[in-house]
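Report on the following structure.
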Amino acid sequence: EYLPVEIDHIDLNKLNNCIENLRAATECQNARNRFTPKCNTSGAKGVSWHKPNESWRVQIKINNRVHHIGYFKDFELAELVATEARNKYHGAFANHA
């Protein structure tokens, strides 16, 4: 009988323990499927204002290391790039909320 070491709630609702909402995950995968932190001031996950460049900076965490994706003058473009990076590197565990 297989018992995973860690479980991920697909819909982020820790009270929803229906079997369809649970999946085996590594610690890194589970960390990817999280809400945007409350301290985020841009409103977009992975996007922050970089004052020295006067542009939006996109960063994503991959295997517990922060990777710089780029700087963008346009906020909507930065948000789109962050979403695409999460899709590419986090796959099924990408969460944009």
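The values are calculated or read from the model by the stated rules, or taken from the named source; none is laboratory data. Everything numeric here is computed off the predicted structure, so don't read it as measured data. Backbone-built Cβ (ideal geometry, glycine too); neighbour counts: all protein chains shown. Heads up: the accessible areas ignore ligands, DNA and RNA and are worked out on the full protein's heavy atoms, side chains in. Shrake-Rupley method; radii C 1.70, N 1.55, O 1.52, S 1.80 Å.
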## Note on the structure
Screening 31, 25, 97 for residues that are in contact (Cβ under 8 Å) with a residue 12 or more places away in the chain, closer than 30 Å to residue 1 by Cβ and open to solvent by 40 Å² or more (accessible area, probe 1.4 Å) leaves only 31
#### Entry: Enumeration of residues in the stretch 34-54 that are touching a helix residue (DSSP H, G or I) at 6+ places or on another chain (Cβ under 8 Å) and either open to solvent by 50 Å² or more (accessible area, probe 1.4 Å) or polar (S, T, N, Q) (or both)
42
### Query
Out of (1) assigned to a loop (DSSP other than H, G, I, E, B); (2) surrounded by 14 or more Cβ atoms within 10 Å (Cβ to Cβ); (3) not β-branched (Val, Ile, Thr), what's the single condition that is false for residue 61?
(1)
### Query
If you scan the stretch 1-39, which residues turn out to be small (Gly, Ala, Ser) and over 16 Å from residue 63 (Cα atoms)?
24
### Query
Among 84, 20, 79, which is on the phi < 0 side of the Ramachandran plot, surrounded by fewer than 10 Cβ atoms within 10 Å (Cβ to Cβ) and assigned to a helix (DSSP H, G or I)?
20
### Task
Go through the stretch 64-76 and count every residue that is in a strand (DSSP E or B) and open to solvent by less than 80 Å² (accessible area, probe 1.4 Å).
4
